[in-house]
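This report refers to the structure that appears directly beneath it.
The values are calculated or read from the model by the stated rules, or taken from the named source; none is laboratory data. Please read these numbers as outputs of a predicted model, since none were measured by experiment. Note that each Cβ is placed from the backbone with ideal geometry, even for glycine, and that neighbours are counted across all protein chains shown. Quick note on the areas: whole protein, heavy atoms, side chains included, nothing else; ligands and nucleic acids left out. Shrake-Rupley method; radii C 1.70, N 1.55, O 1.52, S 1.80 Å.
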Amino acid sequence: MRELENLKVAIIGGNGFTGAELYRILESHPRFNVTFVSSESKSGKFVESNMRSFAYHKPKKLRFKSIKELDETYDAVFACLPTGVLPQYIESIIPKTKYLFNVSGDYRLGDTELSHLFYPETHKYATNFKTHYFVPELSEIEKDAKVINLPGCMAVTSIYSLYPLIKENLVESNIIIDAKTGSSGGGKSSTEHHAERAQNFRPHKLHGHRHKPEIEHAFGHYLSNQEVDLLFSVYSLSLPRGIMVSSYSKLKENVSEVDVRKAFYKFYNKQKFIHYFKSNQVGINSPMIKTVVGTNNAEVGVYIEGRNCVSVASIDNLLKGAAGQAVQAANLYFDLPEDMGLNLQAEGVWP
């Protein structure tokens with residue numbers, strides 16, 4: 001049998017936390033071959049010599065380049081640039097790739113007014129290509145789309161916590177989401193000092209976070225036709241990575257706990273990367289951060305008392321919330337096994 005040909009890929013924005021994780025995953029991927037990695041600040045330097053994950057490896061001869069040096073064609077380009085940067089280059093990137101898998105916030109919101117409000121830099125540059133908002137387990141594949149937008153890390157965690165409830169119309173529309181995130185979510189350029197965050201727990205953004213309209217828009221347009229009204233607040237954890245979301249909702253009249261559990265089982269039972277805890281008891285067998293860090297897994301649980309419903313989800317923000325999710329999406333778009341290259345990130349470390 002003839003060996004399958006590798007797919008040539010590029011990483012745009014490879015020096016950040018997400019770009020480094022993408023490179024680490026793709027370097028062991030059986031089918032994706034990274035031949036270009038961009039970094040404006042590290043241009044000309046060896047890629048692996050500037051990534052701590054490869055400290056004990058003999059580096060390849062691949063060097064960082066400027067985005068402007070992207071002069072070949074690629075099966076896929078992964079973009080993990082700071083929000084507002086990709087639009088400056090996207091018209092020159094699009095002709096050089098079949099798909100662009102976008103991890104940044106640009107192009108996530110299909111509503112033009114909302115997008116102008118929360119992502120004003122995106123609209124300084126004209127676009128004439130089709131985009132698609134893609135949650136690997138929940139969205140349909142649209143192969144005629146050119147830009148595949150992956151959800152924000154806190155947005156996708158919230159979506160996992162709520163999707164069965166909203167899709168099956170089991171809860172009232174007013175929902176409270178309490179999101180807690182590790183420090184790597186702020187990226188390498190974060191101005192928050194370690195002394196402020198370590199051994200501390202504090203509010204980060206109680207109102208106005210741009211993942212709120214993303215979640216509302218996802219449920220109202222991308223994933224279902226159900227409108228939701230969210231109170232979305234974010235808190236800073238004294239952890240380098242990981243997200244825990246608690247979503248508080250009210251069951252509709254005549255909706256039972258059995259109805260809820262059937263819905264979660266229906267949507268998550270056969271998913272490779274979503275692990276649904278069926279028990280109503282909180283403890284070792286409930287979602288937590290420690291067991292998902294270092295993996296592409298999401299853990300989900302739902303806990304009911306009367307009509308009060310608390311649904312919980314946890315992920316690693318750099319993997320399931322960014323790099324791992326992007327590779328999972330690319331696998332699906334290229335008709336590869338969904339977990340290809342991701343099964344090494346299969347189990348968290350315990351204890």
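Points to keep in mind about this one:
- Residue within segment 269-282 that is of a type outside the set (Val, Ile, Thr), in contact with a Lys or Arg (Cβ under 6 Å, 6 or more places away or on another chain) and farther than 16 Å from Val310 by Cβ present: no
- Any hit, segment 273-285, residues being in a loop (DSSP other than H, G, I, E, B), modelled with pLDDT of 95 or more and more than 16 Å from Ser246 (Cα to Cα): yes
- When Val302 is tested against (1) farther than 20 Å from Pro136 by Cβ; (2) of a type outside the set (Phe, Trp, Tyr); (3) in a strand (DSSP E or B); (4) open to solvent by 10 Å² or more (accessible area, probe 1.4 Å), exactly one condition is not met: (4).
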